Amino acid sequence: MLRGEFESAGEQDADALRAAYDDVLVATIDAVGRETVADRSGVDAETLDALVAGESPDLSLTEAAAILATDEDRPDADTVAVEARDILLMGMTTAVLDVEALASEVNDALEPKEIQQKIEGRYPMTLDEYARLHSTIEARKR
């Protein structure tokens, strides 16, 4: 969820992109250790176990950022989350999409105001929502 990590986001649907995010999270858990990730991230062990088992549990963007931030080679969780949201904002600019057009592109699964609040970080965003928005924006840029 950092700039440059998912260059092919527009070539994947939201489900495939979410699976790619999960792979990065699992790699982080494997590298850092489940216990350490649980302690440092605040994400419960059950959710971490589900990720490692190949499931895609309900996870917020904030929780995913907290998991990634347990890797000492990555920025802190707030920075990861801000950069992830910035990817969406910059992508919307490049794709010439406003929140109304984006809501239409995601088949009105999210309302325009809701999209704006989530991208601005004023309202929580799930990792599934992020994947849907990221995939849609990047596909529109092509």
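The values are calculated or read from the model by the stated rules, or taken from the named source; none is laboratory data. Remember, it's a predicted structure, so these values are computed and weren't measured experimentally. Neighbour counts are summed over all protein chains in view; Cβ atoms, including those assigned to glycine, are modelled from backbone coordinates with ideal geometry.
Could you list, in sequence order, the residues of the range 79-98 that are under 16 Å from Tyr123 (Cβ atoms) and either aliphatic (A, V, I, L, M) or more than 12 Å from the chain's Cα centre (by Cα) (or both)? Walk me through it before giving the result.
Just the residues of the range 79-98 that are under 16 Å from Tyr123 (Cβ atoms), to begin with: 81-82, 84-85, 88-89.
Ala81, Val82, Ala84, Leu88, Leu89, listed by residue number.
For the range 40-53, name all the residues that are without any contact (Cβ under 8 Å) to a residue 12 or more places away in the chain and either loosely packed, with under 12 Cβ neighbours inside 10 Å or of a type in the set (A, V, I, L, M) (or both).
Within the range 40-53, the first condition is being without any contact (Cβ under 8 Å) to a residue 12 or more places away in the chain, and the residues that meet it are 44-46, 50, 53.
Passing the criteria: Ala45, Glu46, Ala50, Ala53.
If you check Ala103 against the conditions, is it more than 16 Å from the chain's Cα centre (by Cα) and either aromatic (Phe, Trp, Tyr) or crowded, with 16+ Cβ neighbours inside 10 Å (or both)? Walk me through how you get there before you give the answer.
On the way: more than 16 Å from the chain's Cα centre (by Cα): yes; either aromatic (Phe, Trp, Tyr) or crowded, with 16+ Cβ neighbours inside 10 Å (or both): yes.
In short, yes.
Taking Thr28, is it modelled with pLDDT of 95 or more, of a type in the set (S, T, N, Q) and touching a Lys or Arg at 6+ places or on another chain (Cβ under 9 Å)?
Details: modelled with pLDDT of 95 or more: yes; of a type in the set (S, T, N, Q): yes; touching a Lys or Arg at 6+ places or on another chain (Cβ under 9 Å): yes.
Yes, satisfied.
Looking at (1) surrounded by fewer than 21 Cβ atoms within 10 Å (Cβ to Cβ); (2) closer than 16 Å to Ala14 by Cα; (3) at pLDDT below 90, which is the only condition Thr126 fails?
(3)
In the list Lys113, Lys118, which residue meets the criterion of being within 16 Å of the chain's Cα centre (by Cα), among the basic types (Lys, Arg) and outside any loop (DSSP other than H, G, I, E, B)? Spell out the reasoning first.
Working: Lys113 fails: within 16 Å of the chain's Cα centre (by Cα).
Exactly one of Lys113, Lys118 is within 16 Å of the chain's Cα centre (by Cα), among the basic types (Lys, Arg) and outside any loop (DSSP other than H, G, I, E, B), namely Lys118.
Of all residues in the range 129-142 being of a type outside the set (Val, Ile, Thr) and closer than 27 Å to Ala66 by Cβ, which is surrounded by the fewest Cβ atoms within 10 Å (Cβ to Cβ)?
Quick first cut of the range 129-142, residues of a type outside the set (Val, Ile, Thr) only: 129-135, 138-142.
Then drop every residue that is not closer than 27 Å to Ala66 by Cβ, which leaves 129-135, 138.
Values: Glu129: 20, Tyr130: 26, Ala131: 26, Arg132: 22, Leu133: 28, His134: 24, Ser135: 22, Glu138: 22.
In this case the residue turns out to be Glu129.
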